[in-house]
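The structure appears right after this line, and notes come after that.
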Amino acid sequence: STDKKKKMLGYDLVALAQTFIDQTRVATQTPTDSREPCLSPSVAPTLRYDQWCFYASHNSYASRDIYKIQAQHAHNIVQQFELDGIRCFDLDLFSGQTCETSPQHTCQPIVTDVEVCFDKPATTCQPTQEIYCNHHSPDVDALLRTDLTKMKSTVAARSLLSILQDIRDLLVRYPHEVVTIRFENYINPVSLVDDVFDQAGLSDMILKPAWPLSPTTATTTTSPMTTNPLLPTFQWMFDNNRRLVVFTDTRGDSKYQWYQYDWMVETQYGELDPVRIAVQRSASAQSKVAASVRPLFTINNFPDFVFDTRSTNVGQLLASIRDWNNFGWINSPTNIQSIIKTCQTRGVVPITKNPNYILTDWSEQGAVINVVNALNRDTIKKLT
């Protein structure tokens, strides 16, 4: 029957695929001892923030202990920092909102005002109390291609406040480390997010936009690049305890968040081929600040894989499962170095410009941190 076929090509196959993925990931995971510990910027305090490379996790909150099918990391945020060398966390932000919904969107109550999760609102939404614009997760959608209302238990969220409290604890425990946060933001106005930083006790640890100028003289809406193109040295950040840098992809007045596309060139995301990665993503390409002036460079190394369980092409499905499970290679030094070289030779950035952030999924696999450390050691050798 149709229902039986849907079950065979849907939930049962997904469960089987997930079991296969979990088991083989453990088998193919790069041994911990092959990865170096993260090199601290305290070894080169005279270098500027924009002269350093940071290992970054994509959708950092999507760890296996919270998410099920759509997890993107085995480790949670604290473990990513302490075990994997992650120093930049990528977070998607949504809030309790009311909005005009379309058939594929539903609004559901939540218990916290700001959540970190995959879901996207249908339209611009105005904040209200405990209403959540819940778009089906694109990751789960791609995996199941079926009615997700039957699988609400797979859609999870974690409060931004709890994540920021974890990050504050890490900054306190590790006084010579610098952390970056990148927001994919769906909260309007962006200043609402500032309040959560205040609640988390981070207001005195954030490097404010247009440092050390007052936000009233150079805000994210006026582009601080025009007044102060250089970022501080690590020594300045340590001395002033301003060791948290926060970027957002939404332009607006904020006392803490920098508008990222004024500051960084960013590659295409969702691709596996280095040539397809080595293109500016549209939001980056459309920035009013010339790429040659922006001091930061982000490589997005998190390919998308489509698992269409409606298809009867089992070979294609198994190939997608194979590639999705191959993060030992995707996050390998050989692949990362190839992506960097391709970006440089194809003119995404100057030939001498190294990445400042390398974003990956499954940060515990591969050995990206070894490449990050090597880039930083090379910079130290050249500039100090």
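The values are calculated or read from the model by the stated rules, or taken from the named source; none is laboratory data. Note that the coordinates shown come from a computational prediction; the quantities given were computed from them, not determined experimentally. Because the Cβ atoms are built from the backbone with ideal geometry, glycine has one as well, and the counts that use them run over all protein chains shown. Side chains are part of the model used for accessible areas, which takes the heavy atoms of the whole protein and leaves out ligands, DNA and RNA. Shrake-Rupley method; radii C 1.70, N 1.55, O 1.52, S 1.80 Å.
In table form, for the structure just shown:
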read-out	value
Long-range amide H partners of ASP92 with built H, under 5 Å	CYS117, GLU184
Per residue value of the accessible surface for the stretch 156-207 (all protein chains in place, 1.4 Å probe), Å²	36
Residues with amide H under 5 Å from that of SER363, placed H, sequence gap 5 or more	ALA74
Nonlocal amide H pairs with SER332, under 5 Å, H built at 1.01 Å	ALA367
Note, ³J(HN,Hα) from phi for the stretch 184-190, Karplus 6.51, -1.76, 1.60, rounded to Hz, x at Gly and Pro	8, 9, 10, 10, 10, x, 5
Cβ-derived FRET efficiency at R0 22 Å, VAL172 paired with THR384, nearest 0.05	0.20
